[in-house]
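The next block holds one structure in the form of structure tokens; read it before the comments.
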Amino acid sequence: MSINPMGRRSVLQSFVAGSLLMPAILSELMADDKTDSGPLAPKTPHFPSKAKRVIFIFSNGGVSHMDTFDPKPKLFEADGKTLGVGGGLSNQQRKLLKPFWDYKPGGKCGTMVSDLFPHIRDRMDDICLIRSMKSDDNEHANATLAMHTGSLFFSRPSIGAWVSYGLGTMNQNLPSFMVLASQLPYAGTQVYANDFLPAYHQGTRVVPGKEPIPNLAARSASASQQRSELDFIGQLNERHLLARDQSPDLAARIRSFETAFRMQSEAPVAFDVSTETKETLALYGIDGKETESFGWQCLVARRLAERGVRFVEILDGSSSSNWDQHSNMPEHAKRAKVIDQPIAGLLADLKRLGMLDDTLVVWTTEFGRTPGVDGENGRGHHSACFSSWMAGGGVKSGIAYGQTDEIAATVAENPVHFHDFHATILHLLGIDHERLTYRFAGRDFRLTDVHGRVMHDLLA
């Protein structure tokens, strides 16, 4: 039996009829939940694109570029010598520190990658490596914020929230933006925040473990009873909303009840990797102690992507345990062991399933590390240059783009600023970064602020 015979749409219409001006959000809430006409409905991009979704992998703490993806023979030769290695950050005279790992060519393309990442090295034919990344700050929180939001100092929507706002989701039973994170990095929840965008574009955090999303299981005696309860609560909530003009946060909270209800059936299936074959689990390293947790994150990212989630972020490291090795660079080996096989497995699996063509995989860190020694046997923060990479989704494969100088202290050729990086990611999704705007506090904001250029040399 229906709790209110008028129904949800009729109740809303009866209230709207007596009002001269109601929030635009009401039209979204009145949309039939069984259609794709709500605020997270799939939207047509500005222009045709190959990439439909993004898996964004962030390694927190500052991964050393000269020890991973940027080979510098000169740095081996100059080990222990004193040179100015500020790279635009400082005029300090530091002793140079040679890389701790040897390099070998990867794939048929022959791109040189260090022994820290032997599995990723085997996938270089699928990867577009960028060796000339730049940031503007060498403090963790600021640089992490910039890589996620385009802003160094102020709270702004994260890139995942912008993509959700611009394109919506392909599955109304799951959030459009999901974050797989055991712990939070520098800048905390701001890396997946919506800020001034409507709240339903905020990332939904998933924690590896027995209960990835707390309290997701149904508490009602039956699905029909829960449906009735939610309908009744929805009617009361919408009545409450109508009395509070222009409250998008409240509207988004109301919608979250419906999203949570839908997730009860689909999310647990997405998180249940036991349905995968032993070969697939082994591919991601889920059968290994060191790689099990991150392997689960990478496999679930693939399962969410194939179920229509638009933007999935995988966070590697926390604000207390990460790649920030000031005193002992060999600690990089432990961090690399955790992520190398799972990331390579993700690329191989996406390609095997035919998903790599329309899935953009991004790996980055907030900045690199100094060629000079810092502390006892480590490297300092270095935003003047570092390495990142993309794969699939319309980028060129098997190439290395840009160069640093002979000791990896500055960009020597083809600089790619984080604003350019963001502009290119949006372009690969069919979004013009200058047209994806949101009006707030009297001005139009965008992910790239007033900067950014699409790096066309990276596009296939």
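Rule-based calculations on the coordinates, nothing more; no lab input. Nothing here was measured: the structure is a model prediction, and the numbers come from that model. For neighbour counting, all protein chains shown are included, and Cβ atoms are generated from backbone atoms with ideal geometry for every residue, glycine included.
Once you have the Cα-Cα distance between Thr437 and Phe47, take 0.36 nm times their residue separation minus that, and quote the gain in nm to one decimal.
Between Thr437 and Phe47, full extension yields an extra 138.8 nm.
Is region 116-182 best put as rounded, prolate or oblate by its Cα gyration tensor, with a ≥ b ≥ c the root eigenvalues, rounded for a/c under 1.5, and otherwise prolate when a/b is larger than b/c, oblate when not?
The shape class here is oblate.
So if each residue of separation counts as 0.36 nm, and I subtract the Cα-Cα distance between Ser155 and Leu236, what length gain in nm does that give?
25.9 nm
Quote the relative contact order of region 357-460 in percent (integer), defining contacts as alpha-carbon pairs under 8 Å separated by 6+ residues.
It rounds to 23 percent for region 357-460.
How much length is gained if the chain between Asp357 and Lys334 is pulled fully straight, taking 0.36 nm per residue apart and subtracting their Cα-Cα distance, in nm to one decimal? Kindly include the intermediate steps, with their values, before the conclusion.
Working: separation 23, 0.36 × 23 = 8.28 nm, distance 3.14 nm.
Stretched out fully, the Asp357 to Lys334 stretch lengthens by 5.1 nm.
Rounded to the nearest 0.05, what FRET efficiency do Glu290 and Asn173 give with R0 = 51 Å and r taken as the Cβ-Cβ distance? Could you check?
The formula returns an efficiency of 0.90 here.
Report the local net charge at Phe76: Lys and Arg +1, Asp and Glu -1, summed over other residues whose C-beta lies under 10 Å from its C-beta. Can you show the working numbers first?
On the way: positive: Lys72, Lys74, Lys98; negative: Glu77, Asp79, Asp102.
Within the 10 Å Cβ shell, the charges total 0.
Would you please put 195-202, 385-392, 124-131, 74-81 in order of how densely packed they are, using the mean number of other Cβ atoms within 10 angstrom per residue and starting with the highest?
The peptides rank, most packed first, as 385-392, 124-131, 195-202, 74-81.
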